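Below: the structure, in structure tokens.
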Amino acid sequence: MRLLRLTLTAIAFILLGANLTFAGVIKGAVTVKRLRSLEDVVIFIEKVGENKFAPPEEPAILDQRNLVFIPHVMPILVGTKVDFPNNDNVRHNVFSPSKAKKFNLGTYGIGETKSMLFDKPGKISLLCNVHAEMSAFILVLKNPYFAVTDKEGKFSIPNDKAMKAAKVSEKHKDLPAGKYIIRTWHEKLKNATQEVIVPEEGEVQVELSLTRGKPSKELYPNKKKSN
């Protein structure tokens with residue numbers, strides 16, 4: 001009878017263990033020669049599983065205050081709706097000439113909010129017809145595992161701050177263990193990629209050395225099909 005109880009316990013442990021998700025964290029920093037600030041570099045994972053993630057129900061917010069878009073760079077999950085409130089004391093016009101999403105919200109007044117759904121991956125450049133000095137970027141990404149560097153160039157994935165700003169569900173806070181390709185984007189730096197192996201527990205440290213130059217037009221590589 002004792003042997004039977006031990007066997008049943010072992011079976012139960014195996015069945016429960018099959019549902020466990022082992023997860024780790026990517027932590028690191030970027031370095032760039034002769035760059036005043038290392039913030040606003042977006043670090044994102046190219047593919048997690050099949051890249052099938054439900055978009056957030058709540059809209060992300062890209063604010064307008066003191067003739068500035070806030071934040072300047074915002075990664076979001078594909079399918080996210082973004083609100084553009086005018087919290088300034090002047091009228092604004094938000095538009096984008098970007099290939100991934102061309103739109104023009106028109107001029108709207110103080111205290112008003114207009115919205116846009118971003119349903120395709122890509123880089124979105126934001127401008128204001130009324131104020132030429134205003135600019136910002138939205139990166140529409142295929143999964144919620146992304147981060148934005150701080151002034152010291154540091155980042156971590158998963159990233160609470162970036163996920164909260166993008167209204168991504170807390171259920172995506174665990175990054176499954178495995179091998180991944182991480183990519184970078186910054187408006188004044190060349191893109192970089194690096195392979196990372198995430199452990200079942202703990203952290204993996206990543207150092208990314210970036211160089212000045214124009215980033216690629218595409219966030220994701222165009223993989224040509226072989227004949």
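Table for the structure above
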{"read-out": "Leading residue by the ranking (farthest from GLN64 (Cα to Cα)) among those in segment 85-102 that are basic (Lys, Arg) and surrounded by fewer than 17 Cβ atoms within 10 Å (Cβ to Cβ)", "value": "LYS99"}
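Yes/no per residue for (1) in a loop (DSSP other than H, G, I, E, B); (2) at positive phi; (3) free of Cβ contacts under 8 Å to residues at least 24 places away in the same chain:
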residue: VAL30; (1), (2), (3): no, no, no
residue: ARG34; (1), (2), (3): yes, yes, no
residue: ILE43; (1), (2), (3): no, no, no
residue: GLU50; (1), (2), (3): yes, no, yes
residue: PRO55; (1), (2), (3): yes, no, no
residue: PRO75; (1), (2), (3): no, no, no
residue: ASN89; (1), (2), (3): yes, no, yes
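Coordinate-derived values only; no laboratory data. Because the structure is predicted, anything quoted here is derived from the model rather than measured. Glycine also receives a Cβ, built like all others from the backbone with ideal geometry; neighbour counts cover every protein chain displayed.
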